[in-house]
Amino acid sequence: MDQFLTRLMEPLLELLFPPRCEVCQELGRPAFCKDCRAEVLPLEPPYCQVCGAMLQPSPAHRPTCADCAGATRYFDGARSVGLHIGALRRAILNYKFHNARRLEGPLAGMLADRLRLETSLPHPLPVSELDGIAPIPLHPRRRAWRGFDQALNLCRKVSGLLELPLVEGVLTRVKPTLPQVDLTPQQRQENVRGAFAVPAGALEGRNILLVDDVYTTGATANRAAQACKQGGAVRVYVLTLSRPAPPWHPAALSLEPGDDDTA
Ligand SMILES: [Zn+2]
Ligand SMILES: [Zn+2]
């Protein structure tokens, strides 16, 4: 009877709630439509060899960005799908804060595609040497409040797409942190200090890929990577959906408000 009712209701539900793009809200489109995908600005090489930031193309560019020069980075490389503007930014916000869960598949697909692309680029991350993929986790309290953990859900899907083992529950957030968005870069560093933990030896000898939605200053990724290394990881890489446009990029002129990279 239940199944019969469901079958009867389906066309009615589609009529009442027709599928729409979760980014531009146009009716009758897939969750992340072609027009919106075309709006995504990928990060183009050359990249900073430490944090993966786009470097201004010039014959004499340095191998690292200004932020990484002299900074302690516990991760060994980082990549992002695109700049945190336009359709990609809206997709991430709608997924995180407006429960647009239909975006999970398309966003995970973009992360997997970005990693697959790596082997065709100069100075690629050693993707074939990865032993596992882990989300940069939310604090349990924030997870309970939101009802889901976006990085974990994305990670589950990416793990399936790339056939990389999911390392779940090993890296945990042990300190509730303030939303990074309201803080200065200095305060961001302080806010996430000691925020993560990995049991001693839990990642012994492994190369881990950490996944999150947004990379802003890298403070969060850095502390998560530090915890992984303290737990025995050899190398730690970071993959996110987006990061802000570098200051010299034309897209940086049309800056939208920053977003929390830890929420
Ligand atoms: Zn759209
Ligand atoms: Zn850098």
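Quick rundown of the values:
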item: Within the range 11-35, tally of residues that are over 16 Å from Arg102 (Cβ atoms) and of a type in the set (Asp, Glu); result: 1
item: Residue check for Ala38: touching a Cys at 6+ places or on another chain (Cβ under 6 Å) and either within 16 Å of ligand 1 (Cβ to nearest atom) or closer than 29 Å to Glu104 by Cα (or both); result: no
item: Which listed residue, of Val170, Val198, Val158, is under 17 Å from the mean Cα position of the chain (by Cα) and closer than 19 Å to Phe75 by Cβ; result: Val158
item: Residue check for Pro63: touching a Pro at 6+ places or on another chain (Cβ under 8 Å) and within 16 Å of ligand 2 (Cβ to nearest atom); result: no
item: Pairs where the first residue, in the range 192-211, is more than 18 Å from Arg235 (Cβ to Cβ) and the second is assigned to a loop (DSSP other than H, G, I, E, B), C-beta under 6 Å, 6+ apart; result: Val192/Thr177; Gly194/Lys175; Ala195/Lys175; Ala195/Thr177; Ala197/Val174
item: Where a residue in the range 41-67 is without any contact (Cβ under 8 Å) to a residue 60 or more places away in the chain and its partner, wherever it lies, is within 8 Å of ligand 2 (Cβ to nearest atom) and of a type in the set (D, E, K, R), with Cβ under 8 Å and at least six apart; result: Cys48/Asp67; Val50/Arg73
item: Residues satisfying the stated conditions in the range 175-215, i.e. modelled with pLDDT of 90 or more and closer than 22 Å to Lys96 by Cβ; result: Ala195, Phe196, Leu209, Leu210, Val211, Asp212, Asp213, Val214, Tyr215
item: Hits in the range 216-248 (condition: at positive phi and either among the aliphatic types (A, V, I, L, M) or modelled with pLDDT under 95 (or both)); result: Gly218
item: Among (1) of a type outside the set (Phe, Trp, Tyr); (2) within 16 Å of ligand 1 (Cβ to nearest atom); (3) more than 30 Å from Arg206 (Cα to Cα); (4) part of a helix (DSSP H, G or I) - the single one Gly109 does not satisfy; result: (3)
item: Selected residue (criterion: modelled with the lowest pLDDT) from residues of the range 10-28 that are within 11 Å of ligand 1 (Cβ to nearest atom) and among the hydrophobic types (A, V, I, L, M, F, W, C); result: Leu27
item: Filter result for the condition that a residue is touching a strand residue (DSSP E or B) at 6+ places or on another chain (Cβ under 8 Å) and within 16 Å of ligand 2 (Cβ to nearest atom), over Gly77, Gly82; result: Gly77
item: Qualifying residues in the range 122-142 (those that are hydrophobic (A, V, I, L, M, F, W, C) and at pLDDT 90 or above) - the one nearest to the chain's Cα centre (by Cα); result: Ile136
item: Options His61, His139, His123; residue that is under 20 Å from Ala225 (Cβ atoms), surrounded by fewer than 14 Cβ atoms within 10 Å (Cβ to Cβ) and assigned by TED's automatic domain parsing to the domain that holds Ala221; result: His123
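The values are calculated or read from the model by the stated rules, or taken from the named source; none is laboratory data. What you are looking at is a predicted structure, and each value in this text was computed from that prediction instead of being measured. All Cβ positions, even for glycine, are placed from backbone atoms using ideal geometry, and neighbour counts span all protein chains on display.
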